[in-house]
Amino acid sequence: MPRVHVFARDHINTDEIIPARYLTTDIESELAKFAMEDYDKDFVNRVKPGDIMVTGADFGCGSSREHAVWCLRGAGVSVILAPNFARIFYRNAINNGFLALESEDVVAAFEDGDEAELDMEAGKITNQRTGQSVTFQPVPQFALDVKAAGGWLEYMRDHSKAELEDETLSAESTEAGHGHPGHDSDENLAPGTQRA
Amino acid sequence: MGMTIAEKILAAHSGHNTLTPGQLIECKTDWVLCHEITTPAALRMLEERGMDRVFNPDQIVAVPDHSVPAMNIKAAQMYQKLKSWVKDKGIKHFYDVGRGGIAHVVLENTGLMKPGQTLVSGDSHTCNAGALGTFATGVGSTDLAGAIYAGMVWFKVPETMLIKVTGQTQPGVTPKDIVLEVIKRIGADGANYLVMEWVGDYIDNLDMEGRFTLANMAIEAGGKTGIVAVDDTTRAYMAERGVTPDQYTEYQSDPDAKYKVVVEVDASQVEPTVAYPHIPSNGRVAGSDHIAVTHAYVGSCTNGRISDLRDVARILKGNKVAEGVQMIVVPATQLIWKQAAQEGLLEIFVDAGASVSYPSCGACLGMHSGVLGPNDVCISSTNRNFVGRMGDPSAAIYLASPATVAASAVAGFISDPRAYNHTLGGAAD
């Protein structure tokens, strides 16, 4: 069962996720060695493939460096949950088919080292220690389709403009403007996704 | 319903008459700006997928700026990668080391980027160009690759925040202080996913250099871009670069355009503002605490322009940087460096005991040429004061205007630049 790594502070920025001094490479396995170094030097020693990160709001603010997504994925992180994400980090996650899930209550529900079960279909994550479940916003259909295509470049190459503009990214979940995801509405639910 | 400038530009670049915030669009990019840190990754992605082409070599601007002149062998290889691609693809606008500087400031000055156009770059401060009435935003390497390949990018049409700045600032208060005050009020994610549109008589009276500083800092509030509508100041700026109004499209927000938030600022009430560690929203009045500094840094795409250097020079003239303070001044481009030399500013810096560096992003992001060590304390005219941003994670970064940086460098501790208001209005102003 995947382990949860909690980084509770808001505004964890790209300089903490992957400092600029390591930007002379774009190789994921190299970047992985330095993931979160300026926040927690020991994280890379603890994280195992498939693990889950839970973070405070506005995760990934600052630089546009996609290295922030690559280093975390390279280190083994399979999914990040936060109340919301900074804009460029969020689109970088989508473009890489990397799961960044928005969940208002997730930070309070976990302690570092807890084990968790993620249910994408039900849109919830369950803490195995406490039995508590919290929901997350449905992944926008566009993000799912980019993921299925293998990434944004593949999607762009293989889809028409009309297909793209027919996608949904209107989910309130991406309106992280004021630090709080908005209310759910049925038309924003991705097909195959149900609210818990 | 009325539309904002951002919505109108995005509509015109996606084949729509109207757009609604939240809508997903495929947007044409008029310009793609490339530097040597995020572009090599984009090029590798394209090569690996057999998509190694450029949508239009005449609409790509390449400017190595982050780690130049190369700080080590790996950086030299990234520079080589950018340069060989430029040659291979016949990229028309290449500003090499010695001919360029910081990419955003190089681009704004070329006249290439015109009002009404769109720009993406693999750099978060791309929003800088929004001061010209454009839609310009930072993206990651994958988006950059897509833009290089197809001249397009996906956007979720953003809502807009209107920032209305009225009145005039007190002497010694600058646009940097205004934007730090706004970020203090709305928070470091206060404009996340939003466009920041600047209006009001303060903006009407502001020169282009100040407008670039405001637009540049949009990302520090999480904004998608900052925008200032085209007016006579913009037109004159473009005309000085040989670009006439018939060569570009001016967009104005409709009177009934919908704004998500309206923020009102009385410029006369804003004081010299310093963002304390470790977040740009942590603003306080300059000099309200006694904070000794070890470093003073003037530069970056935010505040490395000629007006910034003049501000620093009027304060440093006839003064010395305090013992124990390392001051570095980085003119943002070769042209600004030359102008500063011609105006005698560089001599003033050197006489004061400041080190004048070559145009580069340098220590702003902790790459080279002034990186902070453990427990250093830096007053800086740059844009970000996150943990580790300028070097060691234990260093403290205080963000301020160039004037506040200069006043602090002389005093040896963070100081209110209004003590030098008697130097305003002179030849160096």
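What does the net charge come to around A:ASP166 if you take all other residues with beta carbon closer than 13 Å to its beta carbon, with K and R at +1 and D and E at -1?
Working: positive: A:LYS161; negative: A:ASP145, A:GLU163, A:GLU165, A:GLU167, B:GLU26.
It works out to a net charge of -4.
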Restricting to lysines and to Cα separations under 29 Å from B:LYS338, and discarding same-chain partners fewer than 8 apart, the set is B:LYS81, B:LYS83, B:LYS87, B:LYS92, B:LYS114, B:LYS176, B:LYS317, B:LYS320
Amide H partners (placed H, <5 Å) of A:VAL54, local residues excluded | A:HIS5, A:VAL6, A:PHE7, A:LEU81
Return the FRET efficiency for the residue pair A:ARG129, B:SER394: r is the Cβ-Cβ distance, R0 is 30 Å, and the value is rounded to the nearest 0.05.
-> 0.30
Relative contact order for chain A: what is it in percent, counting Cα pairs under 8 Å that are at least 6 residues apart?
-> 20
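Calculate how many DSSP beta bridges within the stretch B:274-423 are antiparallel, expressed in % of all such bridges and rounded to the nearest 5. Provide the component values of the computation, followed by the final result.
On the way: 4 of 18 bridges.
Taking every DSSP beta bridge within the stretch B:274-423, about 20 percent pair in antiparallel fashion.
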Could you tell me the accessible area of A:ASP40 in Å² (1.4 Å probe, neighbours in place), rounded to the nearest ten?
-> 40
Which whole number gives the average count of other chain Cβ atoms within 10 Å of the Cβ atoms across peptide B:149-157?
-> 4
Segments B:20-32, B:129-141 sorted - mean Cβ within 10 Å per residue, highest first = B:129-141, B:20-32
By DSSP, what percent of the beta bridges with both residues in the stretch A:54-173 are antiparallel, rounded to the nearest 5?
-> 55
Phi-based couplings in Hz for the stretch A:112-117 (Karplus 6.51, -1.76, 1.60; Gly and Pro marked x) = 4, x, 4, 9, 9, 10
Non-local amide H neighbours of B:GLN252 (under 5 Å, H modeled in plane, Pro and chain starts lacking H): which ones?
-> none
At a Cα cut-off below 23 Å, give the lysines reachable from A:LYS41, other chains included and same-chain residues fewer than 8 away excluded.
-> A:LYS33
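Quote the relative contact order of chain B in percent (integer), defining contacts as alpha-carbon pairs under 8 Å separated by 6+ residues.
Numbers: 1066 pairs, mean separation 73.8, N = 429.
Reported as a whole number, the value is 17 percent.
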Ignoring any ligand, DNA or RNA, what whole percent of the accessible area of the stretch B:317-423 comes from carbon and sulfur when the probe is 1.4 angstrom?
-> 53
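Please arrange B:GLU209, B:GLU220, A:GLU111 by accessible surface area, largest first, computed with a 1.4 Å probe and ligands excluded. Mind dumping the intermediate values first?
Values: B:GLU209 50, B:GLU220 5, A:GLU111 110 Å².
If we order B:GLU209, B:GLU220, A:GLU111 from most to least accessible, we get A:GLU111, B:GLU209, B:GLU220.
Between chains B and A, what is the buried accessible area summed over both chains (1.4 Å probe, protein heavy atoms, nearest 100 Å²)?
On the way: alone 15980 and 9660 Å², together 20910 Å².
Chains B and A together bury roughly 4700 Å² of accessible area.
Under a Cβ-only charge scheme (Lys and Arg +1, Asp and Glu -1), can you give me the dipole magnitude of the stretch A:23-160 about the Cα centre, in debye to the nearest 20?
Numbers: 12 positive and 23 negative charges, 60 e Å.
Value, rounded to 20: 280 debye.
On average, how much accessible surface per residue is there in chain A, in Å², for a 1.4 Å probe, leaving out ligands, DNA and RNA?
On the way: 7230 Å² over 196 residues.
With all protein chains present, chain A gives 37 Å² per residue.
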Set the Förster radius R0 to 30 Å, insert the Cβ-Cβ distance between B:ALA419 and B:ASP266 as r into 1/(1 + (r/R0)^6), and round the FRET efficiency to 0.05.
-> 0.80
Quick one: what are the phi-derived ³J(HN,Hα) couplings along the stretch B:158-166, Karplus 6.51/-1.76/1.60 with θ = phi - 60°, whole Hz, x for glycine and proline?
-> x, 6, 10, 9, 9, 10, 9, 10, 10
Those residues of the stretch A:124-172 for which accessible area with every protein chain present is at least 40 Å² below the isolated value (1.4 Å probe) | A:TRP152, A:LEU153, A:MET156, A:ARG157, A:LYS161, A:LEU164, A:GLU165, A:LEU169
Integer Hz, Karplus 6.51/-1.76/1.60 couplings in order for the stretch B:267-277, x for Gly and Pro | 4, 5, 8, 7, 10, x, 10, 10, 8, 6, x
Ignoring ligands, DNA and RNA, how do B:TYR297, B:TYR398, B:TYR259 rank by accessible area with a 1.4 Å probe, largest first?
-> B:TYR259, B:TYR398, B:TYR297
The protein assembly as shown: antiparallel bridges as % of DSSP beta bridges, rounded to 5, reads 25
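What FRET efficiency comes out for B:LYS87 versus A:ASP42 if R0 is 51 angstrom and r is the Cβ-Cβ distance? Round to the nearest 0.05. It would help to have the intermediate numbers written out before the result.
Values: r = 45 Å, r/R0 = 0.87.
About 0.70, to the nearest 0.05.
Can you send over the carbon and sulfur percentage of the accessible area for the stretch B:35-155, probe radius 1.4 Å, protein chains only? Could you put the intermediate results ahead of the total?
Numbers: 1600 of 3410 Å².
Carbon and sulfur atoms account for 47 percent of the accessible area of the stretch B:35-155.
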In terms of modelled amide H atoms, which long-range or inter-chain residues lie less than 5 Å from the amide H of A:PHE98?
-> none
Using every alpha carbon pair in the protein assembly as shown, what percent of pairs falls into each 10 Å bin from 0 up to the bin containing the largest distance?
-> 3, 18, 29, 28, 16, 5, 1, 0
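The values are calculated or read from the model by the stated rules, or taken from the named source; none is laboratory data. Here the structure is a predicted model, which is why all the values come from computation and not from measurement. FYI the Cβ positions are ideal-geometry reconstructions off the backbone, even for glycines, and counts take in every protein chain you see. All accessible areas refer to the heavy atoms of the entire protein, side chains included, with ligands and DNA or RNA removed. Shrake-Rupley method; radii C 1.70, N 1.55, O 1.52, S 1.80 Å.
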